[in-house]
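Undergrad: Mind looking over this structure? Questions follow.
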Amino acid sequence: MDAAPEDGRKGLHVITWGCQMNVYDSARMADVLRPLGYRPVDTPDAADMVILNTCHIRDRAAEKVFSELGRLRVVKDARAIEGRRTVLAVAGCVAQAEGKEILARAPFVDIVLGPQTYHRLPEMVARASRAAGAVIDTDFPAEQKFDFLPDTQARQTPGGITSFLTIQEGCDKFCSFCVVPYTRGAEASRAVASVLAEARRMVDAGAREITLLGQNVNAYHGAAPDGRVWGLARLAEALSAIPGLARIRYTTSHPRDMDEALIAAHRDLPALMPFLHLPVQSGSDRILDAMNRGHTAGQYLELVHRLREARPDIALSSDFIVGHPGETDADFEATMQLIRDVGFAQAFSFKYSPRPGTPAAGAALQVAEPVKDARLQALQALLRTQQDAFNDATVGRALPVLFTGRGRKPGQLSGRSPYLQAVHVDGPDTLIGQVTDVEIAERLTNSLSGTLVQERAFA
Ligand code: SAM
Ligand code: SF4
C-alpha cells in the first residue's frame, strides 16, 4: 500500500475507462482538485478521493462500474474504521446515463457527475462534505467547462512529447447504435484562441506532437479572433505555425465532415500526419442507412480516393461494427469487400452491443451472438493481414520517427512513425523529443525495429 501524501495534502486516485477524451478529462479533473490539496496516488487505499471515470460505449459498462464500486466500498469501509474518510465519485458517460441507478444501487457513492460538469468538482466536494446524502450533477450546462479549467502551467499532468488536446465535444448525428449524443450532449467546439493558447503551453512544456480530440473532431467549428468561425483545416494551419510543434493529428473523424479544405490540408501542411482514423462501421448501404450514417459505401470509397489523391502516402484506419440489427451474410460480405477495396493500415472492430435508449437496441432482427462472433473473427483476420502487409511494406524504408522515451531494453529508444507505428532503435537519450530518420529493418508483432540513419552514415 503506498502512503498518503504528507503535509495535510490529500490523495486522489482516478480510474479511467474508455477513450482518449476520458484520459484527457481525468487529467483535467485532477487539475481542478489540485487547489484543494489533492495529489495523485497509485492505489485507492491511499486515496482520500477516488474517481471512476466511466465509459458507456459498449458491453456491460454499468456492470463493470458496479463491480469496481463493490471493491471500493471495502476500501472505503476499511479506511473509515481507521477514521479516514474517502470521497467516492462516479464520473463520465455511465454517470450521465445511469446516475440515479448508481445512487440507488450504491448509496455509499458521494458524488455523481457527467462529462460536462467536472469543472464544478470542487464545489461538489464541498457540498458532499456538508450534505448528508450524495451530490449529483449531470447537467448539460450552458457554460463551457473549458473556460473554467486551470491552464496548462497549473496542471499536475502536463502531458508529454505526445499530448492530447480536446477541441470538440458531443455529437448531433444520432447513429442508431450510439449513446454519445445522449451522454455527451450536442456538438460544441472550443474557441480558437483557447485551443491555440493550450497548444502553445503544451509545446512550451515539451510537446512535439499534439492529437486534437473530439467525438466528431472534424465537425469542429470554433469562434476565431477574426470574428469568423474556423473549421478544422484552418485550425490545423494555425497550429502548424507554432514553433516546435512537429506533428499534428486529430481523431475521431466522421466521413460526412471530411470537407475539401481538410483534404487539401493533408496535401499542404507537412505537420499534419499522413494517418487518418476514419470510421466507416459497415460496407453495406442498407446497414449504413439503418445506422443513420448519412453516406453510402461508394461515397466512402470516393472520399478515400480524394484523400489519396491529395496525400498519396496517407494511411487509413477505421472502426467497424459487426452484427448491427438486420445485418445479413450479404451485408457482412459487403463490409469485407470494402475492407479489401480500401486496404487499412490499422482498425478497431466490435460486435454490436445494444445500448439502452438507442434506436437500434429496440430494433427487430437482432443478430445472434455466435453469428456476431464468427463475423468478428473473419473481419479481424482480414484486417490483421492488411495491417501486417502495411507494416511489412515499411521494411527497408527510412521513416521519420518521433522519439518519445526509452524502450524496454537497455540503450533502446521508442518512438512512433508518421503512420502511428511503434518503432524501436538503439540510440542515445538525447534523441528523445526529436524527429530522426530510422531505416526500418524488421516488423515485429506490434512494432517495427530499425537503425538510426545518421548513425549508419557515420559508422
Ligand atoms: N464519432 C465516431 C464516428 O462516428 O465514427 C465514433 C465515436 S464512438 C465513441 C467509437 C466507436 O465505438 C464507433 O466508431 C463504433 O465503431 C463503436 N461503437 C459505438 N457504439 C457501439 C455499439 N453500440 N456497439 C458496438 N460498437 C459501438
Ligand atoms: Fe456516435 Fe460517432 Fe455516430 Fe456521433 S457520429 S452518434 S459519436 S458513432
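Undergrad: Go through (1) under 30 Å from H424 (Cα atoms); (2) part of a loop (DSSP other than H, G, I, E, B) one by one and return the number of the condition L399 breaks.
TA: Condition not satisfied by L399: (2).
Results for (1) out of contact with any helix residue (DSSP H, G or I) (no Cβ under 8 Å at 6 or more places or on another chain); (2) within 16 Å of ligand 1 (Cβ to nearest atom); (3) aromatic (F, W, Y); (4) more than 22 Å from Y250 (Cα to Cα), shown as yes or no for each residue.
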position	(1), (2), (3), (4)
D289	yes, yes, no, yes
R293	no, yes, no, no
H305	yes, no, no, no
I314	no, no, no, no
E333	yes, no, no, yes
A364	yes, no, no, yes
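Undergrad: Name the residue that is surrounded by the most Cβ atoms within 10 Å (Cβ to Cβ), counting only residues in region 159-180 that are more than 10 Å from ligand 1 (Cβ to nearest atom) and over 25 Å from M202 (Cα atoms).
TA: Residue satisfying both the conditions and the ranking: F174.
Undergrad: Please go through region 69-110 and give me each residue that is surrounded by fewer than 22 Cβ atoms within 10 Å (Cβ to Cβ), of a type in the set (D, E) and under 27 Å from V180 (Cβ atoms), ordered by number.
TA: E101
Undergrad: Also, I was wondering about something else. Filtering region 37-64 down to residues that are among the β-branched types (V, I, T) and out of contact with any His (no Cβ under 9 Å at 6 or more places or on another chain), which residue is nearest to G114 (Cα to Cα)?
TA: Keep residues of region 37-64 that are among the β-branched types (V, I, T), which gives 41, 43, 50-51, 54, 57.
This time we only want the ones that are out of contact with any His (no Cβ under 9 Å at 6 or more places or on another chain), so: 54, 57.
Working: T54: 10, I57: 15 Å.
Filtering first and then ranking leaves T54.
Undergrad: Could you identify the single residue in V50, V41, V32 that is at pLDDT 90 or above and more than 17 Å from R84 (Cα to Cα)? Show your work before the answer.
TA: Details: V50 fails: more than 17 Å from R84 (Cα to Cα); V41 fails: more than 17 Å from R84 (Cα to Cα).
The unique qualifying residue is V32.
Undergrad: Taking R249, is it charged (D, E, K, R) and surrounded by fewer than 19 Cβ atoms within 10 Å (Cβ to Cβ)? Walk me through it before giving the result.
TA: Values: charged (D, E, K, R): yes; surrounded by fewer than 19 Cβ atoms within 10 Å (Cβ to Cβ): no.
No: the conditions fail for R249.
Undergrad: Counting only residues that are under 19 Å from I263 (Cα atoms) and either touching a residue at least 12 places away in the same chain (Cβ under 8 Å) or under 23 Å from the mean Cα position of the chain (by Cα) (or both), how many does region 216-232 have? Reasoning before the result, please.
TA: Taking region 216-232 as the starting set, the residues that turn out to be under 19 Å from I263 (Cα atoms) are 216-222, 229-232.
Those still in the list that are either touching a residue at least 12 places away in the same chain (Cβ under 8 Å) or under 23 Å from the mean Cα position of the chain (by Cα) (or both) too: 216-222, 230-232.
Qualifying residue count for the region: 10.
Undergrad: Looking at region 268-362, what helices (runs of 4 or more DSSP H) fall wholly within it and have at least 2 residues that are at pLDDT 95 or above and within 29 Å of L420 (Cα to Cα)? Lay out the reasoning, then the answer.
TA: Details: elements: 285-290, 297-310, 329-342.
Once the helices (runs of 4 or more DSSP H) in region 268-362 are filtered for at least 2 residues that are at pLDDT 95 or above and within 29 Å of L420 (Cα to Cα), what remains is 297-310, 329-342.
Undergrad: Shifting gears a bit: Taking W230 and the conditions (1) under 27 Å from Q380 (Cα atoms); (2) in contact with a Gly (Cβ under 6 Å, 6 or more places away or on another chain), which numbered condition does it fall short on, given that it satisfies the others?
TA: Going through (1) under 27 Å from Q380 (Cα atoms); (2) in contact with a Gly (Cβ under 6 Å, 6 or more places away or on another chain) one by one, W230 breaks only (1).
Undergrad: Moving on to the next point. Can you name the residue in region 139-189 that is within 16 Å of ligand 2 (Cβ to nearest atom), of a type in the set (S, T, Y) and more than 15 Å from Y118 (Cβ to Cβ) and, of all such residues, is modelled with the lowest pLDDT? First the steps, then the outcome.
TA: Looking only at region 139-189, we keep the residues that are within 16 Å of ligand 2 (Cβ to nearest atom), and these are 140, 166-189.
Narrowing the set further to residues that are of a type in the set (S, T, Y) leaves 166, 176, 182-183, 189.
Next cut, more than 15 Å from Y118 (Cβ to Cβ) only: 176, 182, 189.
Working: S176: 97, Y182: 90, S189: 95.
Looking at residues that are within 16 Å of ligand 2 (Cβ to nearest atom), of a type in the set (S, T, Y) and more than 15 Å from Y118 (Cβ to Cβ), I get Y182.
The values are calculated or read from the model by the stated rules, or taken from the named source; none is laboratory data. Fair warning: this is a prediction, and the values are worked out from it, not measured in the lab. Every residue, glycine as well, gets a Cβ built from its backbone with ideal geometry; the counts of neighbours run over all protein chains shown.
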